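**Q** Sharing a structure here in structure tokens format.
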Amino acid sequence: MTAILPPDARGLAEAARLLRAGALVAIPTETVYGLAADATSDAAVAAIYAAKGRPTFNPLIIHVADHAAAERLGRFDPLSRQLAASFWPGPLTLILPRAADCPVSLLASAGLDTLALRVPAHDLTRDLIAAAERPLAAPSANPSGRVSPTTADHVLSGLQGRIAAVLDGGACPIGVESTIVQVLDGRAHVLRPGGLDRAALEAAAGPVVTTAAMVDARSGGAPVSPGQLASHYAPRARLRLNARSVAPDEALLAFGPEPLSGARATINLSPAGDTTEAASRLFAALRALDRPDIAGIAVMPIPDMGLGEAVNDRLTRAAAPRG
Ligand code: TXA
Ligand code: MG
């Protein structure tokens, strides 16, 4: 059985106790729910991969309570330090070389000599990390390849019985995963667009480079990890992007003030045309429309501005042919 823990002092203490004991606990963050375990324990990290059914070569994000804790795990260059100062706590993950005495399990970074680090903005998450007194490894709390969870119910629908507990912090306010950045040769490379939008990043870091594949400094920047599998974040139903019309047996994921009519079921990500609101509703909407009685999901065009870039990245992956 998976316990549902309330977001109060008692729930927090129980979640921390379970994590210290090496158990798996799903935790809320400002982006999506994470499937957390003690990042310093090989056994606990291995249990994450087992519960998710995730290929073990896909490395995990390490969550810490503050920037100072991150400095003990990774080696910061000046631009990474500036980005951390600007955006932590918040939806930014930095890829950094491991510090010499880094206690994080090698399994968590899947053999790379770099580490993905982030300080979550959610107070509850940081309080839990502080109470657990260790960094937490946490991928999104969904079975591998499925849509990321933004509520405790979503977590249970995928992982019920496979994890010790879920800390119920309500709906995640941002709704898409963190933006992943790696500084190479003094420039910020975006490895995954996410909850921190490009304009904010460029205001702090200057022009950024988008790099679709995960890279490893050791190999001079060549892609070494398949971190971003093409087919990812996938509902069972087939997605049709940039739809200008919709069939009666399709579901419609709409955007903006003029949704197409005639679909079997419709969810509008943002009638006002706001990409931040659309991001916060994206994964719940994909789950709700993923019904057996529809032929597929038609998706109206969504502009790339603001969090629209992350929304379109996730939709493109969800629409990719299944491998
Ligand atoms: O918002 C988020 O980032 C959420 C919450 C729970 O924090 N977490 C999340 O984790 O989305 P996950 O495991 O679903 O995605 C982690 C991504 C993967 O694409 C992985 O390949 C990449 O981070 N990653 C992790 N370590 C890396 C490294 N050393 N080098 C390059 N990419 C790395
Ligand atoms: Mg994920």
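**Q** State the antiparallel share, in %, of DSSP beta bridges confined to the chain, rounding to the nearest 5.
**A** 45
**Q** If you don't mind, there's one more thing I want to ask. Would you mind counting up the charge near Lys52? Only other residues with Cβ under 13 Å from its Cβ, with Lys and Arg at +1 and Asp and Glu at -1. Spell out each step's value before the answer.
**A** Numbers: positive: Arg54, Arg146, Arg162; negative: none.
Charge balance near Lys52 sits at +3.
**Q** Let me ask something additional. Relative contact order for the chain: what is it in percent, counting Cα pairs under 8 Å that are at least 6 residues apart?
**A** Numbers: 788 pairs, mean separation 62.1, N = 323.
Result for the chain is 19 percent.
**Q** In addition: Roughly what percent of Cα-Cα pairs across the chain reach past 31 Å?
**A** 28
**Q** Also, quick follow-up: Given charges of +1 on the Cβ of Lys and Arg and -1 on the Cβ of Asp and Glu, with all other atoms neutral, how large is the dipole of the chain about its Cα centre, in debye to the nearest 20? Please report the intermediate quantities before stating the final value.
**A** Details: 29 positive and 30 negative charges, 160 e Å.
The dipole magnitude comes to about 760 debye.
**Q** For Glu71, what charge total do you get from the other residues with a beta carbon under 14 Å from its beta carbon, if Lys and Arg give +1 and Asp and Glu give -1?
**A** Numbers: positive: Arg72, Arg75, Arg81, Arg98, Arg118; negative: Asp66, Asp77, Asp101.
With Lys, Arg at +1 and Asp, Glu at -1, the neighbours total +2.
**Q** Over the chain, give the accessible area per residue in Å² for a 1.4 Å probe, as an integer.
**A** On the way: 12690 Å² over 323 residues.
Ligands and nucleic acids excluded, the figure is 39 Å² per residue.
**Q** To continue, here is another question. Considering only protein heavy atoms and a probe of 1.4 Å, how much of the accessible area of the chain is carbon and sulfur, as a whole percent? Mind showing how you got there, number by number?
**A** On the way: 6980 of 12690 Å².
The nonpolar share, carbon plus sulfur, comes to 55 percent.
**Q** Could you give each residue of segment 6-13 its phi-based ³J(HN,Hα) in whole Hz, using Karplus coefficients 6.51, -1.76, 1.60 with θ = phi - 60°, and x for Gly or Pro?
**A** Those phi angles translate into x, x, 10, 4, 5, x, 5, 5 Hz.
**Q** Measure off 7 Å from each Cα along the Cα-to-Cβ vector at Leu260 and Ala199, then give the distance between these two points in nanometres to one decimal.
**A** 2.8
**Q** Still on this model: Report the longest stretch of the chain that contains none of the trypsin sites (Lys or Arg not before Pro) sitting in a DSSP loop with at most 13 other Cβ atoms within 10 Å.
**A** Longest stretch, sites excluded: 73-235.
**Q** What's the center-to-center distance, using Cα atoms, between segment 298-323 and segment 3-35 in Å?
**A** Each part reduced to its Cα centre gives a spacing of 30 Å.
**Q** Under 5 Å between amide H atoms, partner at least 5 residues away or on a different chain: which partners does Leu5 have, H built in plane at 1.01 Å?
**A** Residues meeting the criterion, in which the H sits 1.01 Å from N, are Val166, Leu167, Asp168.
**Q** Continuing with this model, one more query. So, counting K/R as plus one and D/E as minus one, what does the shell of residues with Cβ under 14 Å around Pro301 add up to?
**A** Numbers: positive: Arg240, Arg244; negative: Glu258, Asp304, Glu309.
Spelling it out: positives minus negatives among the neighbours equals -1.
**Q** Could you give each residue of segment 291-300 its phi-based ³J(HN,Hα) in whole Hz, using Karplus coefficients 6.51, -1.76, 1.60 with θ = phi - 60°, and x for Gly or Pro?
**A** With the stated coefficients, segment 291-300 comes to 9, x, 8, 10, 7, x, 10, 8, 10, 6 Hz.
**Q** Can you give the translational diffusion coefficient of segment 48-100 in µm²/s, computed by Stokes-Einstein from the Kirkwood radius over Cα pairs at 10 °C and 1.306 mPa s? Let's see the in-between values first.
**A** On the way: Rh = 12.5 Å.
Roughly 127 µm²/s, to the nearest whole number.
**Q** Semi-axes of the equivalent ellipsoid for segment 256-323, please: Cα gyration tensor eigenvalues, times 5, square-rooted, ordered largest first, whole Å.
**A** Values: eigenvalues 71, 52, 21 Å².
The three semi-axes for segment 256-323 are 19, 16, 10 Å.
**Q** Rg and Dmax of segment 14-164, using alpha carbons, in Å: what are they?
**A** 14.1, 44
**Q** Take the Cα atoms of segment 27-78, build their convex hull, and give its volume per residue in Å³. Let's see the in-between values first.
**A** Working: hull volume 6.2 nm³, N = 52.
Cα convex hull per residue, to the nearest whole number: 119 Å³.
**Q** Let's see if you can work this out: charge +1 on each Lys and Arg Cβ, -1 on each Asp and Glu Cβ, no other charges. What is the dipole magnitude of segment 71-174 about its Cα centre, in debye to the nearest 20? Walk me through the numbers before you get to the answer.
**A** On the way: 9 positive and 9 negative charges, 42 e Å.
Taking the Cα centre of segment 71-174 as origin, the dipole is about 200 debye.
**Q** Can you list the HN-Hα couplings for segment 125-133, worked out from phi with the Karplus curve (6.51, -1.76, 1.60; θ = phi - 60°), rounded to whole Hz and with x for Gly and Pro?
**A** 5, 5, 4, 5, 4, 4, 5, 6, 6
**Q** Around Thr114, which amide H atoms from residues at least 5 apart in sequence, or from another chain, sit under 5 Å from its own amide H, with H modelled in the peptide plane?
**A** Sorted by chain and number, the residues that satisfy this are Arg98.
**Q** Normalising by the residue count of segment 38-165, find the relative contact order in percent from Cα pairs under 8 Å and 6+ residues apart. Walk me through the numbers before you get to the answer.
**A** Details: 203 pairs, mean separation 45.3, N = 128.
Rounded, it is 35 percent for segment 38-165.
**Q** Now for a separate question. Can you give the angle from 0 to 90° between the axis of helix 42-52 and the longest principal axis of the chain, with both taken from C-alpha atoms, to the nearest 10?
**A** On a 0 to 90 degree scale, this one is about 10.
**Q** How many percent of all Cα-Cα pairs in segment 77-169 sit more than 18 Å apart? Walk me through the intermediate numbers first.
**A** Numbers: 2461 of 4278 pairs.
Percent of Cα pairs beyond 18 Å in segment 77-169: 58.
**Q** Any idea how far apart Ala3 and Gln160 come out in nm if each label point goes 7 Å out from Cα toward Cβ?
**A** Placing both labels 7 Å along Cα→Cβ, they lie 1.9 nm apart.
The values are calculated or read from the model by the stated rules, or taken from the named source; none is laboratory data. Please read all numbers here as calculations on a predicted model, not as lab measurements. Quick reminder, even Gly has a Cβ in these numbers, built from the backbone with ideal geometry, and neighbours come from all protein chains shown. SASA here: full protein model, heavy atoms, side chains in, ligands and nucleic acids out. Shrake-Rupley method; radii C 1.70, N 1.55, O 1.52, S 1.80 Å.
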